[in-house]
Amino acid sequence: MNLDALFTTWDVPWGVTAALVVTAAIYVRGWNQIRRTRPELFPLWRLVAFLGGVLAVFVAVASPLDTFSESLLFMHMAQHFVLMSIAPPLMVLGAPVVPMLRGLPRGVIGALRPLFRTQVIHGIGGFLTQPKVAWIAMNAAYLIWHIPKAYEFALASENWHNFEHACFFFTSLMFWWPVIAPWPYRQRGSRWLLLPYLVLADLVNTGLSAFLCFSGRLLYPSYAAVPRMFGLSALNDQEAAGAFMWVMGSTVFLIPAMGITVQLLSPRRARHRGHGFARV
């Protein structure tokens, strides 16, 4: 197969694509409306970030990352990386809660308003975005679905494969929520706690990545049963996938950790702390 196929073979899932288009349209409508009253909270970069996250999901499910995911483990792990570490933080940076609600048709907003005023909904939202809950959910999904039997099970069923990807995406939204703290989310506890939150997640990723790299045996037999592409053996493919996960995963976790450290130690933050400074 020509190497160009890795960049040109797309298979667009129209149902998911339609859902992404609707999501983007609702956000844009809500973003335009809330800009009239809170322009300082919703600058252009928030719109670009959210739409970039939507685009990243589309690339993950429609591009060669998905087309070749059953033939190349490297491509499959790159797809998981986009679904977990690119799309979710970009969408959370868009502070999506209020724009998504404001972007709905008025009739829908009227019907949902009593629901969203209940303590149950607020309690569920608060629970899911607790750092300990979000950390456990994301890392549990990450580890469990990479257990060989679970991975092979998902690979053998399109529905379970889609469910696996949904687990990665939604638990990653939970994970990045306390890190980014999008308005109107209010941080509980010290932001210093986010440093072990991110570093420990990196250690989980490092452990799994190293196991793929250095196990010396094929963990996912399905990749030995398909025609090998570009002269790459199944074991070499697994090692390349592990190396990709290791380097890119560590980058995604450690750069925010360094950014938070700089922010917390900055003199500007120290000056504002005594004046009721609230981070948005």
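The values are calculated or read from the model by the stated rules, or taken from the named source; none is laboratory data. Predicted model only: the values in this text are computed from it and were never measured. Neighbour counts run over all protein chains shown; Cβ positions are idealised from the backbone, glycine included. Ligands, DNA and RNA are excluded from the accessible area calculation, which covers all protein heavy atoms including side chains. Shrake-Rupley method; radii C 1.70, N 1.55, O 1.52, S 1.80 Å.
Structural remarks
- Flag for residue 249 being open to solvent by less than 60 Å² (accessible area, probe 1.4 Å), closer than 18 Å to residue 86 by Cβ and at pLDDT 90 or above: yes
- Subset of region 26-38 [of a type outside the set (S, T, N, Q) and either open to solvent by 60 Å² or more (accessible area, probe 1.4 Å) or in contact with an Asp or Glu (Cβ under 6 Å, 6 or more places away or on another chain) (or both)]: 29, 35, 36, 38
- If you go through region 169-201 and keep only what is touching a Pro at 6+ places or on another chain (Cβ under 8 Å), part of a helix (DSSP H, G or I) and open to solvent by less than 40 Å² (accessible area, probe 1.4 Å), you end up with 169, 172, 173, 175, 176, 178, 179, 180, 194, 197, 198.
- Only listed residue being at pLDDT below 90 and part of a helix (DSSP H, G or I), chosen from 6, 20: 6
- Criterion: modelled with pLDDT of 95 or more, more than 23 Å from residue 201 (Cα to Cα) and either outside any helix (DSSP H, G or I) or open to solvent by 10 Å² or more (accessible area, probe 1.4 Å) (or both) - qualifying residue of 112, 51, 90, 41: 51
- From 90, 73, 65, 20, residue being out of contact with any strand residue (DSSP E or B) (no Cβ under 8 Å at 6 or more places or on another chain) and either more than 30 Å from residue 157 (Cβ to Cβ) or touching a residue at least 60 places away in the same chain (Cβ under 8 Å) (or both): 73
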